[in-house]
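Trainee: Questions regarding the structure given below will be posed in turn.
The values are calculated or read from the model by the stated rules, or taken from the named source; none is laboratory data. Just so we're clear, the structure is a prediction, and the values are computed from it rather than from any experiment. Heads up, the Cβs are rebuilt from the backbone with ideal geometry, glycines too, and the neighbour counts pull from every protein chain shown. Each accessible area value is taken on the protein alone, full model and side chains, heavy atoms only, with ligands, DNA and RNA left out. Shrake-Rupley method; radii C 1.70, N 1.55, O 1.52, S 1.80 Å.
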Protein chains: 4
Amino acid sequence: MHTFFSVYQQVRAHSVSLCKALEIEDFNTQPAVFVSPPKWHLAHTTWFFETFLLQPFLPNYQPFHPQFGFLFNSYYQHEGKRVQRDHRGWMSRPTVAEVYEYRAAIDSAILQLDPEEPEIFRRLTLGIQHEQQHQELLVYDIKYILGHQPLFPSLDLGILQPQLGESGWIKIEEQLSEIGHSGSQFAFDNEGPRHRVFLNGSQISSQLVSQEDYLEFIEAGGYQQFSYWLDEGWSWLQAQNIHAPLYWQETGKEWWIYDLKDGLQPLKPQAPVQHISYYEADAYARFRAKRLPTEAEREFCHDQLLNHQLWEWTQSAYLPYPGYRAEGGALGEYNGKFMINQMVLRGGSVATPPGHLRATYRNFFHPDERWMYSGLRLAEDD
Amino acid sequence: MHTFFSVYQQVRAHSVSLCKALEIEDFNTQPAVFVSPPKWHLAHTTWFFETFLLQPFLPNYQPFHPQFGFLFNSYYQHEGKRVQRDHRGWMSRPTVAEVYEYRAAIDSAILQLDPEEPEIFRRLTLGIQHEQQHQELLVYDIKYILGHQPLFPSLDLGILQPQLGESGWIKIEEQLSEIGHSGSQFAFDNEGPRHRVFLNGSQISSQLVSQEDYLEFIEAGGYQQFSYWLDEGWSWLQAQNIHAPLYWQETGKEWWIYDLKDGLQPLKPQAPVQHISYYEADAYARFRAKRLPTEAEREFCHDQLLNHQLWEWTQSAYLPYPGYRAEGGALGEYNGKFMINQMVLRGGSVATPPGHLRATYRNFFHPDERWMYSGLRLAEDD
Amino acid sequence: MHTFFSVYQQVRAHSVSLCKALEIEDFNTQPAVFVSPPKWHLAHTTWFFETFLLQPFLPNYQPFHPQFGFLFNSYYQHEGKRVQRDHRGWMSRPTVAEVYEYRAAIDSAILQLDPEEPEIFRRLTLGIQHEQQHQELLVYDIKYILGHQPLFPSLDLGILQPQLGESGWIKIEEQLSEIGHSGSQFAFDNEGPRHRVFLNGSQISSQLVSQEDYLEFIEAGGYQQFSYWLDEGWSWLQAQNIHAPLYWQETGKEWWIYDLKDGLQPLKPQAPVQHISYYEADAYARFRAKRLPTEAEREFCHDQLLNHQLWEWTQSAYLPYPGYRAEGGALGEYNGKFMINQMVLRGGSVATPPGHLRATYRNFFHPDERWMYSGLRLAEDD
Amino acid sequence: MHTFFSVYQQVRAHSVSLCKALEIEDFNTQPAVFVSPPKWHLAHTTWFFETFLLQPFLPNYQPFHPQFGFLFNSYYQHEGKRVQRDHRGWMSRPTVAEVYEYRAAIDSAILQLDPEEPEIFRRLTLGIQHEQQHQELLVYDIKYILGHQPLFPSLDLGILQPQLGESGWIKIEEQLSEIGHSGSQFAFDNEGPRHRVFLNGSQISSQLVSQEDYLEFIEAGGYQQFSYWLDEGWSWLQAQNIHAPLYWQETGKEWWIYDLKDGLQPLKPQAPVQHISYYEADAYARFRAKRLPTEAEREFCHDQLLNHQLWEWTQSAYLPYPGYRAEGGALGEYNGKFMINQMVLRGGSVATPPGHLRATYRNFFHPDERWMYSGLRLAEDD
């Protein structure tokens, strides 16, 4: 077996491993439209390899099931009709066991491909990266599913707890700099082209904002004071009746936070605040008379910061870099078509699979989303 | 063991038996707000016995789980807060196995009660009737869950196929008659008091409307011609883009109908049309220049008709009979509080558990509902 | 001029007279989908005469404006497409002055018809009755428009204040009775055919429920106690955040009520409570351990009661009488197609134009509506 | 009178002049939540001067009406509660005549202030700029109101027709450049601080996209081909059933476009396409294998382009410039709190009042909005 396939197999095995502790009943629950059931993730990542590798490149390949293209396509318009996103939780069938059979069958067919073929290599790499992205989403979704059970069960997925980093400020001198990906290593198309940007002088905190810091904002009435908030953030707050980050619960005068591994736990002052929306991150920064970093500033300091803790909101909208052009066909739908109404997050999280990150990595979410592993650090102008 | 308990055990066993063929994955799926997941039915019917029998009547009874009152209360305001109806499908926990343990524990505690105590007897009887109602809902909900899978799986629950009955018309002479329940046998409170009603002369069809009959309505453009429809029915049709009964699919020029036992099947001309809303039943009657029977007419003819096939829409609104008064407390919430915006259905269905029906039985649904086993028969004035 | 036309002209003049005190700005305001702007009422009633009389019966009649059929049709599907109901307030054009020109032109053309022609006579009569119904709606809608201004302006439309009636109970003996219209005088089709109904023994209050009576319900926590409410009424209450009848405002510990003629006024204990929904009427009756009358009971007592004060909710759903059949064509859309999800109100109101009422008159609204002049009286079984 | 007041009076008179041709009925119509009724604009701009100048600076000033602060505040949270945005059209009162009295009273009081006082001068200037912004919105809103009448009336507001500009491409060399406002002349806070940005080499079209150009996109199936669209744009298209820019109507095989001055008119090939959303602008650019300019590119070329025709969508999100900080208090709510989910438009439009524009001016709208005078020009990378 080609050595490349051992990476493939490790990554594929990791998805299954993340679901090991689940009960069968957990696998097709969808308590919110942005959540995908774990079974769906397991099948969809498999469909990706079947559709973009086996069907075009394995001679005489017959689809595992004629309907799975409809069931497990996510958003690839090029690949035709698909189950409505908010109906994913309706699918009790195929069963979990059948999805595992699907995975096994595709995995064994994939081994028949020749990874030395450049286009096959390119797509296998993309499929692996794609599966890693879904592994991170799996963690978010499993946490959301269990954290929205009235019984608040806990489950150990083997994810580390995020840390704060060193306290202090890192200076960024005014300068013409470069950001973005270049070179032959894998990166998503939205990370390039590498290009020049002018950095104004500023400094960036070396530490994430802690739960203790954030509690001061809450206790100072931050969620009741409109002047900290973007106008749409304030409306969001009112409409959703939000008073704290996701998974926080006030019991009497104490705050408890749901954690996937430990269940409901008292607030941990020295842990980073997590599960906040852009609106909350931005309001908190204004409360401190600071701001969020831009993605260029964040990328510039990447090696000096403790990455891989929580995705950090930046003040940058998710837009194409100068010279960006999406590739054609279904795989071109991967990134470019989402470049509106989303903000960039940088840095990675404890839920990001090992080996998946780069300094140039651009994650992105809508400003009201917060079920992902999001946090923030502050910046300020000179 | 008291002989009464053998009825209890038979009924309880039947609920479990209906779920025998399900996969674990089917048990907590909720593809529409009016559908309850099978696991929820199994737990809720158990909660009913625990709440209304064990807690008040079994000395020193400790709840099986402190939170199950919150999880499995349906709509009893007297019993406090409960899981939002449209979140029932979110509950992957407790697992199916845990719910079966819950059932077993409650069943064994129930046997310690004295069914000769009149109030215990009365409530046990109500609990059994309540469970039977949920057995029928289980059939509707399982069909809806499987019938909304993209793969249209089939499942044999042991339910018979509905039959048409004899063709012909049964004459009702103009007269003062009596309807409603009286006597010491069990009936729901909404079936009484027995009272006099004046019947105008009419006749009522001895046969349900068949699929073939109904197809003529469709092919005559019935769903495109507003003059057959109540105004709100016409709006419903447009808003929901409805062209046929629930579970009908047009493939080319053929109609296929999803059946729980057989999966997708060609239309069966000599089977009764099923899964229609009041709006559709009423429109069809107008198309035939007939009308739906009233509930008094339907009750008057009960013994002359082939009951237990499909619930038949009547032209009667679900309202209290003269002299009706709901009992106090939580059990008084059973029927009376639903007496608005619903229409009465009579006759029973193949999904109604044996022994559950009476001539005076009043079923009721909103005019746009159709996932239940509903059909219709025609009537006309002299 | 035929003497019949003097009735026509009086009725037509009354519509204009009701709008005399309005400012131009009031004429096309639509603060809720169920409200029609006054200008629209003036034009729509005119369109009715143009469409159902001038176009079919006046030789060579040319429409006043080719688009007015689209603009001012209400709900007559037979007459083709029309402006969406919730867009009526968008129409600043035609202006008020142009609508008055339209009225004048149609009125003068109508005088050229021969009212001795039976079908013309029948339709003219219907058109007059139709305009009278809109005169009552005009009062509701003008009150709603002005009562939802932040400045709460008052306006005198010449409408009397409703009175309570005599205190006492009127006995209804158990009997076979008859209700419904018969004979050659005008009545809407839904008032017939006259038919027999069996009345159980009961008594009915000779007095409407007063504001003082109703205040006791509020002060006893009636809006916070679910057991008084129908289930859908309780949901309505919560969703709409309702604590009192429409137009009531609590200021400190005092209740103020908006009245069209007098503006915001303190509650008047001896005036009938007004602007309540069916849900509220039904809950109040349950609070008093009474019930609402049926429409048969209410019709039976009609002459013994002080009518023409407020429309009184009955416990009867709006359904066809035995033997009812709507006429064909557009005019058949007048009543029958609304016979679902509505409850009957009887008795008339101070806003009903003189000469428009009959003992058999059936008004109907949805159970959550309350911008009309609605009130209630109680009944009880023997 | 201070010469500065003649500017004040000219600007105030222009608002009235724009409404001269309206009928009274047009003044309080609100056919969409984003539209404000003309009467509201006239009152709100007056409220701005009353609230931010007369109340703080004119000794013993008594509000014109105690409730107008509630009625005519737009979104200034600092100034307390206000009429819900979608209820602005409900306000038939105060009448148009009363609003003109309000304007006259405030105007005469304003003349008593001393414009040499720096803070008074600063606020008067802001009030004038604010009124000019509402003058432009008045044009959009009047067009929307009349363009959504079923009768499509026309109205001459004295606005010029937009022109295409010269055909050709303007080269932008790769360079470090500066954008943003500096200096003592008035600019909105969001236009600064002036700061350096790196421009990659590109070129920008000297001409707006014409109706003829855009028609090619439509005729090539642009609205049916997902690959041209951002994902949220494609969803927007489907949900709103959009097939062309706002005000375009297809009649048979011809396109007609509603114009405020001329009513419904055949498409004008050599006029710029107008009333497009960001989604449409971006899709069109992708269809041409080009892109939209960034705001820095657009500002760099400002003097070389024919400005003041249509607001041109840029590819830049509306975000704070480096070093931007909103001022405190109510006037700080002017710009900063809207910096999310909006895109920048540059260049001005024929509806922008004379003297209101600058090269650094940043207009901003949500990507789905198109009732404003929006168009586009293309850019491309070297």
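Trainee: Search segment B:130-154 for residues being open to solvent by less than 20 Å² (accessible area, probe 1.4 Å) and among the aliphatic types (A, V, I, L, M), and hand back the single one that is farthest from residue B:185 (Cα to Cα).
Mentor: Ranking the qualifying residues of segment B:130-154, first place goes to B:146.
Trainee: Right, next: If residue B:53 meets every condition in (1) in contact with a Gly (Cβ under 7 Å, 6 or more places away or on another chain); (2) of a type outside the set (Val, Ile, Thr); (3) over 21 Å from residue B:122 (Cα atoms) apart from one, which number is that one?
Mentor: (3)
Trainee: Then there's this: Out of all the residues in segment A:320-336, which are open to solvent by less than 30 Å² (accessible area, probe 1.4 Å) and over 17 Å from the mean Cα position of the chain (by Cα)?
Mentor: Selection gives A:321, A:330, A:331, A:332, A:333.
Trainee: Quick one: in segment D:97-129, of everything that is within 14 Å of another protein chain (Cβ to nearest Cβ) and open to solvent by less than 40 Å² (accessible area, probe 1.4 Å), which residue is nearest to the chain's Cα centre (by Cα)?
Mentor: The selected residue is D:99.
Trainee: Out of everything in segment C:148-202 that is more than 14 Å from chain B (Cβ to nearest Cβ) and part of a helix (DSSP H, G or I), what residue ends up being farthest from residue B:176 (Cα to Cα)?
Mentor: My answer is C:189.
Trainee: Among A:85, A:93, A:103, which is of a type in the set (D, E, K, R) and touching a Ser or Thr at 6+ places or on another chain (Cβ under 7 Å)?
Mentor: On the way: A:85 fails: touching a Ser or Thr at 6+ places or on another chain (Cβ under 7 Å); A:93 fails: touching a Ser or Thr at 6+ places or on another chain (Cβ under 7 Å).
Criteria check complete, one pass: A:103.
Trainee: Please pick out the residue among D:136, D:101 that is under 30 Å from residue C:145 (Cα atoms), without any contact (Cβ under 8 Å) to a residue 24 or more places away in the chain, in a helix (DSSP H, G or I) and of a type in the set (Asp, Glu). Let's see the steps before the verdict.
Mentor: Values: D:136 fails: without any contact (Cβ under 8 Å) to a residue 24 or more places away in the chain.
Being under 30 Å from residue C:145 (Cα atoms), without any contact (Cβ under 8 Å) to a residue 24 or more places away in the chain, in a helix (DSSP H, G or I) and of a type in the set (Asp, Glu) holds for just one of D:136, D:101, which is D:101.
Trainee: Could you please give the count of residues in segment C:344-361 that are closer than 30 Å to residue B:234 by Cβ and open to solvent by 10 Å² or more (accessible area, probe 1.4 Å)?
Mentor: 3
Trainee: Out of all the residues in segment A:11-19, is one or more more than 19 Å from the chain's Cα centre (by Cα) and either at pLDDT 95 or above or under 25 Å from residue B:23 (Cα atoms) (or both)? Write out each step before concluding.
Mentor: First pass over segment A:11-19, keeping only residues more than 19 Å from the chain's Cα centre (by Cα): A:13.
Add one more test, that the residue is either at pLDDT 95 or above or under 25 Å from residue B:23 (Cα atoms) (or both), and what stays is A:13.
Checking segment A:11-19: at least one residue is more than 19 Å from the chain's Cα centre (by Cα) and either at pLDDT 95 or above or under 25 Å from residue B:23 (Cα atoms) (or both).
Trainee: Give me a count of the residues in segment B:292-311 that are away from chain C (no Cβ under 12 Å), in a loop (DSSP other than H, G, I, E, B) and touching a strand residue (DSSP E or B) at 6+ places or on another chain (Cβ under 6 Å).
Mentor: The number of residues fulfilling the criteria is 2.
Trainee: Additional query: Tell me which residues, restricted to segment C:326-356, are within 11 Å of chain B (Cβ to nearest Cβ) and in a strand (DSSP E or B).
Mentor: C:343, C:344, listed by residue number.
One line per residue, one yes/no per condition, for (1) open to solvent by 60 Å² or more (accessible area, probe 1.4 Å); (2) free of Cβ contacts under 8 Å to residues at least 60 places away in the same chain; (3) in contact with a helix residue (DSSP H, G or I) (Cβ under 7 Å, 6 or more places away or on another chain):
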residue	(1), (2), (3)
A:10	yes, yes, no
A:18	no, no, yes
A:32	no, no, yes
A:42	no, no, yes
A:46	no, no, yes
A:50	no, yes, yes
A:53	no, no, yes
A:69	no, yes, yes
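Trainee: Sort out which residues of segment A:190-222 are open to solvent by 50 Å² or more (accessible area, probe 1.4 Å) and farther than 25 Å from residue A:316 by Cβ, and write them in order of number.
Mentor: Answer for segment A:190-222, where residues must be open to solvent by 50 Å² or more (accessible area, probe 1.4 Å) and farther than 25 Å from residue A:316 by Cβ: A:212, A:216, A:219, A:220.
Trainee: Now a separate question. Go through (1) hydroxyl-bearing (Ser, Thr, Tyr); (2) open to solvent by less than 20 Å² (accessible area, probe 1.4 Å); (3) in a loop (DSSP other than H, G, I, E, B) one by one and return the number of the condition residue C:314 breaks.
Mentor: Only one criterion in (1) hydroxyl-bearing (Ser, Thr, Tyr); (2) open to solvent by less than 20 Å² (accessible area, probe 1.4 Å); (3) in a loop (DSSP other than H, G, I, E, B) is unmet by residue C:314, namely (3).
Trainee: Under the condition of being polar (S, T, N, Q) and at the interface with chain B (Cβ under 7 Å from one of its Cβ atoms), which residue from segment A:82-96 is farthest from residue A:19 (Cα to Cα)?
Mentor: Filtering first and then ranking leaves A:92.
Trainee: Now a separate question. Need pairs with beta-carbon distance below 9 Å; first residue under 26 Å from residue A:280 (Cα atoms) and facing chain D (nearest Cβ under 7 Å) and within segment A:313-324, second in a strand (DSSP E or B) and of a type outside the set (A, V, I, L, M, F, W, C); sequence gap 6+ or separate chains.
Mentor: A:315/A:291; A:317/D:316; A:319/D:315; A:319/D:316
Condition check ((1) outside any loop (DSSP other than H, G, I, E, B); (2) over 21 Å from residue B:161 (Cβ atoms); (3) modelled with pLDDT of 95 or more) across all residues:
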| position | (1), (2), (3) |
| --- | --- |
| B:242 | no, yes, yes |
| B:246 | no, no, yes |
| B:255 | yes, no, yes |
| B:261 | no, no, yes |
| B:268 | no, no, yes |
| B:280 | yes, no, yes |
| B:285 | yes, yes, yes |
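Trainee: Next question. From the list D:149, D:132, which residue is within 30 Å of residue D:265 (Cα to Cα), of a type in the set (S, T, N, Q) and more than 21 Å from the chain's Cα centre (by Cα)?
Mentor: That would be D:149, the only listed residue that is within 30 Å of residue D:265 (Cα to Cα), of a type in the set (S, T, N, Q) and more than 21 Å from the chain's Cα centre (by Cα).
Trainee: Give the residues of segment C:86-96 that are assigned to a helix (DSSP H, G or I) and buried (at least 17 other Cβ atoms within 10 Å of the Cβ), sorted by residue number.
Mentor: C:88, C:89, C:90, C:96
Trainee: Within segment D:223-244, is there a residue that is in contact (Cβ under 8 Å) with a residue 40 or more places away in the chain, surrounded by 18 or more Cβ atoms within 10 Å (Cβ to Cβ), on the phi > 0 side of the Ramachandran plot and not charged (D, E, K, R)?
Mentor: Scanning segment D:223-244, I find no residue that is in contact (Cβ under 8 Å) with a residue 40 or more places away in the chain, surrounded by 18 or more Cβ atoms within 10 Å (Cβ to Cβ), on the phi > 0 side of the Ramachandran plot and not charged (D, E, K, R), so the answer is no.
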